[in-house]
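Here is the structure we will look at, set down as structure tokens.
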């Protein structure tokens, strides 16, 4: 389509178009922009050559109307005079090319058309890809939401029968239905313990899913690290003593209370201590503790140190990644879903802190993490969360 | 003897709670959905209610809302137990005035302590 109000120019452009080699073209000339726009809406066009000045209207105005009409074909601007500023401005506006009429020839017009079509094809390609990406992102978001809902339903459905199992085992263990002998007690204790393992795994599965979808947030309150570590000591007491691993706790005297989600930090500590006990041989020891960070007095560092088997250096970089198991045999030997350390890292990050590990093979590992004493710096926390 | 109403739609958990509470010396009434739970509460005027949240024919919250209008039950303490981890459920339970909230699988001892405290 060619839109130009000067009949001579229409003829010259038409003639040049006809003489472009290897270009099959059907030209539709219009001296009135509105007639051209009506035709565009009716049948469309593959390419538009537009005059800069058409009666009372300018090429850029008509160009906007063309785009508003939903036509995205390449548009080449032709003008009476050559002007570098105008050329740059027209390209910025979205014209595919710009040709002053004094240099208009089959050659220059052919080059402009060829460039314009190539540019248009590339732009369309980019736009198609962008649309495809946007759709993929939307699909993924919806899928993530579905998966998260599925995990929630799954955990609900698994917890209900697990509760019944655990309760009936407890009822018999507690002697509510008569005396039981030592062997029966031993067997029921194994069943009860395994219900506990299953509960941990179900909760891990749900936490991992909620962390990924951002549905898990920290419920902050002032907590004493001495009390928190005391609870962690209490929680691991039975497992550690059964295995013959000693656990000691060291909390610095001058430690202030910290604004944290106590339940979630305890979950991190329990998980790290559970691993430490799991990978330490009988006779070994685990030390847990808390102190003010050496590098930053506004942060508290907590640690769990063991004298266990240690971690291979090449595995240290991946240990906090999801579904990681410290060695291939571990999932078989020690069970677990490989979510625990990943959940620990995410929960620490939720507080605006970070978790680290130092380890040497055969000499044990030290997991340490830091949390800010106060959570007033929400911006930092949110930024970390977003990252 | 203090009366406890257990409303839980899972038959097995309902039975386990009933056994445990009877052994602890309570008179136990139980129901398996929101509607029957509300009827049982109106009829028995329990000292404590132990309520599941998600149930057919009215959830645990609706039982509390319905029985509160009965003068004798305006201050009856209630405890929720749920398999859901949704925080909004816990928030709503506490807003309604629940004396305790337990996630399944719960620790029986902790639940018994909460019931004992509520019934005192």
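The values are calculated or read from the model by the stated rules, or taken from the named source; none is laboratory data. Since we're looking at a predicted model, the values are computed, not measured. FYI the Cβ positions are ideal-geometry reconstructions off the backbone, even for glycines, and counts take in every protein chain you see.
The set of residues in segment B:56-89 being within 21 Å of residue B:104 (Cβ to Cβ), assigned to a helix (DSSP H, G or I) and away from chain A (no Cβ under 14 Å) consists of B:60, B:61, B:62, B:63, B:64.
Applying the condition of being buried (at least 17 other Cβ atoms within 10 Å of the Cβ) and in a helix (DSSP H, G or I) to segment B:93-108 and asking which residue is nearest to the other protein chains (Cβ to nearest Cβ) yields B:108. Kindly evaluate residue B:63 against the criterion of being modelled with pLDDT under 95, touching a helix residue (DSSP H, G or I) at 6+ places or on another chain (Cβ under 7 Å) and more than 25 Å from residue A:178 (Cβ to Cβ). Answer is no for this residue. In the condition set (1) in contact (Cβ under 8 Å) with a residue 12 or more places away in the chain; (2) in a helix (DSSP H, G or I); (3) under 30 Å from residue A:204 (Cβ atoms); (4) within 13 Å of chain A (Cβ to nearest Cβ), residue B:114 is compliant with all but (4).
Among the residues examined, residue A:158 qualifies as outside the structural domain of residue A:21 (by TED's automatic domain parsing), assigned to a helix (DSSP H, G or I), closer than 26 Å to residue A:216 by Cα and out of contact with any strand residue (DSSP E or B) (no Cβ under 7 Å at 6 or more places or on another chain).
The single condition among (1) surrounded by 12 or more Cβ atoms within 10 Å (Cβ to Cβ); (2) part of a helix (DSSP H, G or I) that residue A:141 does not meet is (1). Highlighted here are the strands (runs of 3 or more DSSP E) found entirely within segment A:21-127 that include at least 1 residues which are in the same structural domain as residue A:11 (by TED's automatic domain parsing) and over 18 Å from residue A:11 (Cβ atoms): A:75-79, A:97-100. Note on segment A:170-211: residues that are within 11 Å of another protein chain (Cβ to nearest Cβ) and over 42 Å from the mean Cα position of the chain (by Cα) total 8.
The single residue among A:304, A:277 that is assigned by TED's automatic domain parsing to the domain that holds residue A:259, closer than 19 Å to residue A:196 by Cα, in contact with a strand residue (DSSP E or B) (Cβ under 7 Å, 6 or more places away or on another chain) and modelled with pLDDT of 85 or more turns out to be A:277. Tallying residues that are within 12 Å of chain B (Cβ to nearest Cβ) and touching a residue at least 60 places away in the same chain (Cβ under 8 Å) within segment A:212-229 yields 4.
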